[in-house]
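I have placed the structure first, in the form of structure tokens, so that the comments after it can refer back to it.
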Amino acid sequence: MNKKLKIFFIILIIVSSLGLVYYYGTVFLCEISVKCKDCDQTSQSEKESKENNFYYGYYTCDVSDFNLKYNTEKIEIGNIWVEKVWRYNTDDCFSDDYNIKVINNHGYNIVVGFKKSADEFLFDFIPLINNIKDNTNGGIEDSRKTLRYRRLPQEMKLIVVERNPDMNFGWTKEIVSDTLTLKLIKNE
């Protein structure tokens, strides 16, 4: 083998190796940047949900505001909107569809908006569907509670639970103080 051909093969091997390292390194960095692959997401606002065509409808509530009974706070109920569950398409980092929002087709997000007057959390909502408590939808954000269901109930209740004002108990012995009734209105 002549010297030029050897140099050509060495350069070819080096360039190929660098290309493979670059490709797999980029894929690795892309994959670790995905915090939750194929995880269900919720839009940040009703407007964003409508813009992305995930919006489904809304629920009406039998009250627009209420006062907590065992703590001094007034809660105003805002919009209660529904969207189809969606996710980011994180399958192929080099695809044009990467981080495109796509519908998962396996459920709905119900977003209960509210305004509270205190900085700390003194209440939570526990869904009640067909007289069965749903403790799987825990957690509450600063101005909304998100519930996720496979099928939408036409009517549901939200039990308002308050932190016990007796500091010896707090959230370990919460107090039921009210019940809200929600009715589904589908977007036409």
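The values are calculated or read from the model by the stated rules, or taken from the named source; none is laboratory data. Remember, predicted model here, so these are calculated numbers, not experimental data. Every residue, glycine as well, gets a Cβ built from its backbone with ideal geometry; the counts of neighbours run over all protein chains shown. Heads up: the accessible areas ignore ligands, DNA and RNA and are worked out on the full protein's heavy atoms, side chains in. Shrake-Rupley method; radii C 1.70, N 1.55, O 1.52, S 1.80 Å.
Below are the figures for this structure:
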item: The stretch 124-142: number of residues that are open to solvent by 100 Å² or more (accessible area, probe 1.4 Å) and acidic (Asp, Glu); result: 1
item: Residue that is nearest to Thr181 (Cα to Cα) [pool: residues in the stretch 49-62 that are assigned to a loop (DSSP other than H, G, I, E, B), open to solvent by 50 Å² or more (accessible area, probe 1.4 Å) and in contact with a strand residue (DSSP E or B) (Cβ under 7 Å, 6 or more places away or on another chain)]; result: Asp62
item: Extreme residue, nearest to Tyr56 (Cα to Cα), among residues of the stretch 152-182 that are of a type in the set (Lys, Arg) and in contact (Cβ under 8 Å) with a residue 24 or more places away in the chain; result: Lys157
item: All strands (runs of 3 or more DSSP E) inside the stretch 105-188 with 1 or more residues being within 16 Å of the chain's Cα centre (by Cα), at pLDDT 90 or above and within 20 Å of Gly78 (Cβ to Cβ); result: 144-149
item: Cross-chain or 6+ apart pairs with Cβ under 7 Å, the stretch 124-146 first and closer than 16 Å to Tyr108 by Cα and free of Cβ contacts under 8 Å to residues at least 60 places away in the same chain, then open to solvent by 30 Å² or more (accessible area, probe 1.4 Å) and not polar (S, T, N, Q); result: Asn137/Arg148
